[in-house]
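Asker: So that we are looking at the same thing, I have put the structure below in structure tokens.
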Amino acid sequence: MPANLTKMADAIRVLSMDAVHRAKSGHQGMPMGMADVATVLFTKFLKYDAARTDWADRDRFVLSAGHGSMLLYALLHLTGVKAVTMEQIRNFRQLGSNTPGHPEYGHTPGVETTTGPLGQGLATAVGMAMAERHVNARFGDALVDHRTWVVAGDGCLMEGVSHEAISLAGRLRLSRLTVLFDDNNTTIDGEATISETGDQLARFKAAGWAVKAVDGHDHGKIAAAMRWATRQDRPTLIACKTKISKGAGRKEGDPHSHGYTLFDDEIADSRVAMGWTDGPFTVPDEVLKPWRAAGRKGAKVRKAWEAALAASDLKSEFERAMAGDLPPGAYEAIDAHIARMEADKPALATRQHSGAALAELVPAIPEMVGGSADLTGSNNTIVKGMAPFDLPDYAGRYVHYGVREFGMAAAMNGMALHGGVIPYSGTFLVFSDYSRPAIRLGALMGARVIHVMTHDSIGVGEDGPTHQPVEHVASLRAIPNLKVFRPADGVEAAECWKLALESRTAPSVMTLSRQKVPAVRTAVAGENLSARGAYQLAGAGHPAQVTIFASGTEVSVAMAARDLLEGDGIGARVVSTPCWELFDAQPVDYQAQVIGETDVRVAVEAGVKMGWERFIGENGAFVGMTGFGASAPAEVLYKHFAITAEAVAAAAKAKL
Ligand SMILES: Cc1ncc(C[n+]2csc(CCOP(=O)(O)OP(=O)(O)O)c2C)c(N)n1
Ligand SMILES: [Mg+2]
């Protein structure tokens, strides 16, 4: 029997209705509306092999409108992804299932990225398309030759991040990126046009995309548009005019059917209208067979690709890069650099130290792709010899992201998920608020992405409180599975960079100073002390009465306070805390030993106190910020806000 695309699309519709009905929550409106488009894509265009969802040269499919997760789960089940059984579909949205409410990376084979926060899937997909071009430039067409397809809804395109994503993709002419817009003129509150002019085509066109509108239920026209998309020299938008809940009887096209759970009789009526005689969670053989055939179709191409890889001189290098393993000798140069700094003790801003570390790492690790949101000179993120990532061959390793912090962070997630790239890029720490949603999603997914965040305190100086982070370090430390590094000097900066590169299942934030600091790691350690997260930097001379905890630029303040206290005969030790998350992972006896048993514990950090109780307890003293900063030179501000050695020593004495 020939594959009947309508029946195949109906299978998605029926499974979506059944799963949402059984879970008593979820969204069948979008999956039912986009079932036709998805069926054409997965049977005729998408390059994939359902048996090998990890095939490196597969097309990436991103469901940016993540609430329509049943569309994706139905596709994975129907095409034959083993892990997505009918039992899993029945357990849609239940604890322990691989069919959670929104698609979650790492939970379900075939889910390329976590989506749900609207717009972000699209921005992540831009990064995947960038990584594809870059890895293609390095390894050639025989090994890397795939596309990125995105399903995005009205909501995704309303979100601000979509502007950042599409303008970046348009400028970079990412011709292997296609957005399939579920143009159903529906969001939760009603018709999309209650809050939108509705001319997405004009917007994408202005951003440098090729655009086309099509009836999203006409299989022939959808296929023609997809074929057209594969031939363009720029990214493509296909606005697919669809009806939400297509096939759901009187709910079809109803703007209020976005997340509405159909009643039994409505589902029964829909089945009758579709001519679907099978009961819940049952797909008849004559429909399942062509689906499974579609899922197997790519196996031939995949095997040919594997043969090409096996025959390639680049095989081991390609496999290493895609696996995310660092090359042999990756740390030789940086370790020599650390030894030099222990000897030379240079006083520089930690952003400069970070730049110096990158100068050793970037040449040694070809997967590192850097960039900045238009603050390259301030972030110290570029290294001599790095060419811009751009047309015509995308071999360059430095991305000029433009002033697009959120889009940049999301694109980095996509690059990391794609593989073959270890992305890092910079902005000011205060603007981490702009990129925070992508930092969070990266942490949830466990993506190795390194966010360079300079100008990390009132030490910014004259730019004033709009540019001076106060609560940012604390608020980033609150994100689970995110490593927040705040190195104190050149040695710690280099150590933290190594740790960020080794953090394969968590993103990192490097918070770095604008202002110069003295070296504090002046003795040869012979090991990466920052790896412990916190460690005793200086012991007490006199019997220890005080412990001073600090991070980053305030470690040198703590050291000066220690000198003052010791000068007064008060024994004081100093603990540097470059990464709290790593400290929390240490054995409890190590933690206890570092925190120590002195009567008095003081912390100093040019930010808010939140979280420092971890080190100083409820009775400890904290020297830092209690409100916003001000516009003045950095030294003046440190005095004005009393973040000084004298203040730390006085706070300790007051507690003695
Ligand atoms: C950033 C963000 N804001 C709000 C939501 C909640 N939300 C989920 S779906 C949706 C409406 C989206 O409209 P559209 O993408 O057109 O989906 P459709 O109703 O057509 O299925 C909203 C507001 C979200 N998931 N993410
Ligand atoms: Mg919509």
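Asker: I want to confirm something. Restricting to segment 299-316 and keeping residues that are in contact (Cβ under 8 Å) with a residue 12 or more places away in the chain and touching a helix residue (DSSP H, G or I) at 6+ places or on another chain (Cβ under 9 Å), which single residue is most open to solvent (accessible area, probe 1.4 Å)?
Answerer: So in segment 299-316, the residues in contact (Cβ under 8 Å) with a residue 12 or more places away in the chain come out as 299, 301-302, 305, 308-309, 312, 314.
Narrowing the set further to residues that are touching a helix residue (DSSP H, G or I) at 6+ places or on another chain (Cβ under 9 Å) leaves 309, 312, 314.
On the way: 309: 13, 312: 32, 314: 68 Å².
My answer is 314.
Asker: Can you tell me which residue within segment 437-487, out of those that are surrounded by fewer than 19 Cβ atoms within 10 Å (Cβ to Cβ) and polar (S, T, N, Q), is farthest from residue 515 (Cα to Cα)?
Answerer: 481
Asker: Something else about it: Only one residue in 36, 10, 49, 54 is of a type outside the set (Lys, Arg), assigned to a helix (DSSP H, G or I) and either away from ligand 1 (no atom under 16 Å from the Cβ) or under 27 Å from the mean Cα position of the chain (by Cα) (or both). Which one?
Answerer: Working: 36 fails: either away from ligand 1 (no atom under 16 Å from the Cβ) or under 27 Å from the mean Cα position of the chain (by Cα) (or both); 49 fails: assigned to a helix (DSSP H, G or I); 54 fails: assigned to a helix (DSSP H, G or I).
Exactly one residue qualifies, and that residue is 10.
Asker: While we're here: Any idea how many residues of segment 231-253 are within 29 Å of the chain's Cα centre (by Cα) and open to solvent by 60 Å² or more (accessible area, probe 1.4 Å)?
Answerer: In the first step, residues of segment 231-253 are kept if they are within 29 Å of the chain's Cα centre (by Cα); the result is 232-240.
Checking the rest, the ones that are also open to solvent by 60 Å² or more (accessible area, probe 1.4 Å) come to 233-234.
Selection size over segment 231-253: 2.
Asker: Let me ask you something else. Quick one: would you say residue 332 is acidic (Asp, Glu) and surrounded by 13 or more Cβ atoms within 10 Å (Cβ to Cβ)? Let's see the steps before the verdict.
Answerer: On the way: acidic (Asp, Glu): yes; surrounded by 13 or more Cβ atoms within 10 Å (Cβ to Cβ): no.
Here the answer is no, as residue 332 does not meet what is asked.
Asker: Separate question: Filter segment 141-181 for residues that are closer than 26 Å to residue 57 by Cα and acidic (Asp, Glu); which is farthest from the chain's Cα centre (by Cα)?
Answerer: My answer is 141.
Asker: Listed residues 467, 455; which is more than 10 Å from the chain's Cα centre (by Cα) and at positive phi?
Answerer: On the way: 467 fails: at positive phi.
Matching residue, one of 467, 455: 455.
Asker: Sticking with this one: When segment 247-257 is examined, which residues are found to be assigned to a loop (DSSP other than H, G, I, E, B) and on the phi > 0 side of the Ramachandran plot? Quick ask: steps written out before the conclusion?
Answerer: Step one: of segment 247-257, the residues assigned to a loop (DSSP other than H, G, I, E, B) are 247-248, 252-254.
Hits for segment 247-257 are 247, 253.
Asker: Continuing with the same structure: Might you let me know whether segment 634-642 holds any residue that is open to solvent by less than 50 Å² (accessible area, probe 1.4 Å), of a type in the set (Val, Ile, Thr) and under 18 Å from residue 515 (Cβ atoms)?
Answerer: No.
Asker: Here's another thing I want to ask about it. At least 3 residues that are under 24 Å from residue 522 (Cα atoms) in each: list the helices (runs of 4 or more DSSP H) lying fully within segment 539-656 that qualify. Step through it out loud before you land on a result.
Answerer: Working: elements: 554-567, 580-584, 588-595, 613-616, 634-640, 645-655.
Correct list: 554-567, 580-584, 588-595, 645-655.
Asker: Which one of these is without any contact (Cβ under 8 Å) to a residue 60 or more places away in the chain and either closer than 18 Å to residue 9 by Cα or among the β-branched types (Val, Ile, Thr) (or both): 85, 79? Walk me through how you get there before you give the answer.
Answerer: Working: 79 fails: without any contact (Cβ under 8 Å) to a residue 60 or more places away in the chain.
Just a single option satisfies the conditions, and that option is 85.
Asker: Could you tell me which residue of segment 182-224 is least open to solvent (accessible area, probe 1.4 Å), considering only residues that are within 12 Å of ligand 2 (Cβ to nearest atom) and of a type in the set (D, E, K, R)?
Answerer: Looking at the filtered set, the residue picked out is 182.
Asker: Looking at (1) part of a loop (DSSP other than H, G, I, E, B); (2) open to solvent by 20 Å² or more (accessible area, probe 1.4 Å); (3) within 16 Å of ligand 2 (Cβ to nearest atom), can you tell me which one residue 115 breaks?
Answerer: (2)
Asker: Among what's in segment 560-576 and is of a type in the set (A, V, I, L, M) and surrounded by fewer than 21 Cβ atoms within 10 Å (Cβ to Cβ), pick the residue that is nearest to residue 454 (Cα to Cα).
Answerer: The extreme case among them is 560.
Asker: Given the condition under 16 Å from residue 383 (Cα atoms), in a loop (DSSP other than H, G, I, E, B) and either in contact with a Leu (Cβ under 9 Å, 6 or more places away or on another chain) or of a type outside the set (Phe, Trp, Tyr) (or both), answer yes or no: does some residue in segment 340-360 qualify?
Answerer: No: segment 340-360 contains no residue that is under 16 Å from residue 383 (Cα atoms), in a loop (DSSP other than H, G, I, E, B) and either in contact with a Leu (Cβ under 9 Å, 6 or more places away or on another chain) or of a type outside the set (Phe, Trp, Tyr) (or both).
Asker: Still on this model: Anything in segment 489-543 that is polar (S, T, N, Q) and open to solvent by less than 40 Å² (accessible area, probe 1.4 Å)? List them, or say none. Even if it seems obvious, please write down each step before you answer.
Answerer: We begin by selecting, within segment 489-543, every residue polar (S, T, N, Q); these are 503, 505, 508, 511, 513, 515, 522, 528, 530, 536.
Once the filter is applied, which keeps residues that are polar (S, T, N, Q) and open to solvent by less than 40 Å² (accessible area, probe 1.4 Å), segment 489-543 yields 503, 508, 511, 513, 515, 528, 530.
Asker: Ok, one more. Scan segment 137-166 residue by residue and report those that are open to solvent by less than 20 Å² (accessible area, probe 1.4 Å) and either away from ligand 2 (no atom under 16 Å from the Cβ) or β-branched (Val, Ile, Thr) (or both).
Answerer: Those that are open to solvent by less than 20 Å² (accessible area, probe 1.4 Å) and either away from ligand 2 (no atom under 16 Å from the Cβ) or β-branched (Val, Ile, Thr) (or both): 139, 143, 144, 146, 148, 149, 150, 151, 161, 165, 166.
Asker: Continuing with the same structure: If you take the residues of segment 197-244 that are in contact with a helix residue (DSSP H, G or I) (Cβ under 7 Å, 6 or more places away or on another chain) and among the aromatic types (Phe, Trp, Tyr), which of them is nearest to residue 183 (Cα to Cα)?
Answerer: By that ranking, first place goes to 204.
Asker: Also: Quick one: would you say residue 374 is of a type outside the set (A, V, I, L, M, F, W, C), part of a loop (DSSP other than H, G, I, E, B) and under 25 Å from residue 514 (Cβ atoms)? Steps first, answer last, please.
Answerer: Working: of a type outside the set (A, V, I, L, M, F, W, C): yes; part of a loop (DSSP other than H, G, I, E, B): yes; under 25 Å from residue 514 (Cβ atoms): yes.
So residue 374 passes the test.
Asker: Could you please tell me which pairs satisfy a Cβ distance under 6 Å, a separation of 6+ or placement on different chains, a first residue in segment 533-557 that is on the phi > 0 side of the Ramachandran plot, and a second residue that is modelled with pLDDT of 95 or more and in a helix (DSSP H, G or I)?
Answerer: Final answer for the pair search is 533/582; 533/583.
Asker: Out of all the residues in segment 118-136, which are open to solvent by 10 Å² or more (accessible area, probe 1.4 Å) and over 16 Å from residue 64 (Cβ atoms)? Give the derivation first.
Answerer: Applying the first criterion (open to solvent by 10 Å² or more (accessible area, probe 1.4 Å)) to segment 118-136 yields 118, 133-134, 136.
133, 134, 136 - these are the residues of segment 118-136 that are open to solvent by 10 Å² or more (accessible area, probe 1.4 Å) and over 16 Å from residue 64 (Cβ atoms).
Asker: Out of segment 57-110, which residues are under 18 Å from the mean Cα position of the chain (by Cα), β-branched (Val, Ile, Thr) and open to solvent by 10 Å² or more (accessible area, probe 1.4 Å)?
Answerer: Within segment 57-110, none qualify.
Asker: Within segment 386-394, can one find any residue that is closer than 19 Å to residue 490 by Cβ and in contact (Cβ under 8 Å) with a residue 12 or more places away in the chain?
Answerer: First pass over segment 386-394, keeping only residues closer than 19 Å to residue 490 by Cβ: none.
The answer is no; no qualifying residue exists.
The values are calculated or read from the model by the stated rules, or taken from the named source; none is laboratory data. Computed from a predicted structure; not experimentally measured. Cβ coordinates were reconstructed from backbone atoms using ideal geometry, including for glycine residues, and neighbour counts include every protein chain displayed. What goes into the accessible areas is simple: the full protein's heavy atoms, side chains included, and nothing from ligands, DNA or RNA. Shrake-Rupley method; radii C 1.70, N 1.55, O 1.52, S 1.80 Å.
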